[in-house]
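The values are calculated or read from the model by the stated rules, or taken from the named source; none is laboratory data. No experiment lies behind these values; they were computed from the predicted model shown. Quick note on the areas: whole protein, heavy atoms, side chains included, nothing else; ligands and nucleic acids left out. Shrake-Rupley method; radii C 1.70, N 1.55, O 1.52, S 1.80 Å.
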Amino acid sequence: SSSVADECKDSSLFEVPMAAANKAARSVRLPRIQYACHVLETSSCRSFVTPRPYGLQVRHLSSAGLTGLRATFARLAAERLGMPAEAPSATASATVGNAPAAVSVGEGRTERRVPVSFVRQRVMKRLKETQNTAAQLSTFQEVDMTESLKLRSKYKDLFLKLHGSQLGLLSLIAKATCLAIAEVPGVNAIIDDGTKETVMRDYVDISIPIPSPRGIISCTLKDAQSMTVRDLEHEIAALSDRAGRDELSVSDLSHSTFGIVDTGVAGSMLGTGIINYPQSASMGTNAVKRRVAVVNGKVEARPIMYTALNYDHRLIDGREAVTFLCSVRDKLED
């Protein structure tokens, strides 16, 4: 708590940004402070707090000057805690970031119990609902990325000059996905369990991974089926810019009809994702590595990427899943 006072230059009532609170937590070897009821994980969201020996007492949540998800999270947190979102309240308070007591489980061995964050609780609930509902199955393909990498290398400078954005692999993968969905529309459909009907969609909203200060966030490209590679790159760049400034809106994270999950940035060779309702399928991309391949009867080292399609087998047959993934492969290899 003394580190918090040093950061804020006040001894009674402080406005503490998340970075200062985390720094204070590290200085006294506390676990990372969870921001008001576990959802205030935004770097700029502000709360007025008083120092405690092992934590901070939140008196009021301020959303003034905040935009996008930060303002939304601050408002929702205030509602959950019964606090006003703008004006301080002397009666409403909650202890946040208290150091959990260490419990000895043997000589020199201790354990601490840390509350699960609100966001993580929501993720856990949604993933378990999907697992309990969908009959999930996976199929795999390897993609020779030689032609895609050549295309990007050849046109990236001209693309940047003409359109003002980088030419990346994600836009090519998203475009190949949209074209493949047009050939196998069942991958973009969903089963309505309430009415026992299959909902066939004539639009494609693709969730894609976008880096942000919070880590990778799944954002949605709406009506991706009507976008060109240039349009996709512009939208990806806009999402990345808003994510970098922590100004994503709730609409940027809205429901998608199909998902692209990329574990390749972490070096993954092969893996499967999990369907995120209301999707019926999710495609995983992995790291592009030079591997041995047979090309025209000759053994060569080629840039290979493994892809995986995780799908709801209640709706999508194995033939459809394999056809879809092979179609994506063929387009990226063309």
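Suppose accessible area is computed on protein heavy atoms with a 1.4 Å probe; arrange 235, 142 from highest to lowest.
On the way: 235 60, 142 95 Å².
Heavy-atom accessible area, descending, gives 142, 235.
Quick one: length gained pulling residue 156 to residue 119 fully straight, 0.36 nm per residue minus the C-alpha distance? Intermediate results must be reported in sequence, preceding the final value.
Values: separation 37, 0.36 × 37 = 13.32 nm, distance 3.78 nm.
That works out to 9.5 nm of additional length.
Beyond 19 Å between alpha-carbons counts as too far, so tell me which of 150/175; 175/331; 150/289; 175/289; 175/222 fall in that bin. Could the numbers behind the result be given before it?
Values: 150/175 17 Å; 175/331 9 Å; 150/289 15 Å; 175/289 22 Å; 175/222 13 Å.
Those over the limit are 175/289.
Of all the C-alpha pairs in region 176-334, what % are more than 26 Å from each other? Before the final figure, lay out the partial values.
Values: 3841 of 12561 pairs.
The share of Cα pairs beyond 26 Å in region 176-334 comes to 31 percent.
From largest to smallest, what semi-axes in whole angstrom does region 123-169 give when each is the square root of 5 times an eigenvalue of its alpha carbon gyration tensor? Spell out each step's value before the answer.
Values: eigenvalues 301, 62, 7 Å².
Working through the eigenvalues yields semi-axes of 39, 18, 6 Å.
May I ask you to derive the relative contact order of region 116-272, considering only C-alpha pairs under 8 Å and at least 6 residues apart, and to give it as an integer percent? Display every interim value, and only then the final one.
Working: 155 pairs, mean separation 31.1, N = 157.
The normalised contact order for region 116-272 reaches 20 percent.
Please list the three semi-axes, largest first and in whole Å, of the ellipsoid equivalent to region 176-228, using sqrt of 5 times the eigenvalues of its alpha carbon gyration tensor. Let's see the in-between values first.
Details: eigenvalues 120, 55, 13 Å².
Each semi-axis is the square root of five times an eigenvalue, giving 25, 17, 8 Å.
Using a 1.4 angstrom probe with every protein chain in place, what is the largest-first accessible-area order of 203, 311? Let's see the in-between values first.
Working: 203 85, 311 5 Å².
So the residues, ranked largest to smallest area, are 203, 311.
Could you tell me what percent of the accessible area of region 224-313 is made up of carbon and sulfur, with a 1.4 Å probe and every protein chain present? Mind dumping the intermediate values first?
Values: 2280 of 4180 Å².
Carbon and sulfur together cover 55 percent of it.
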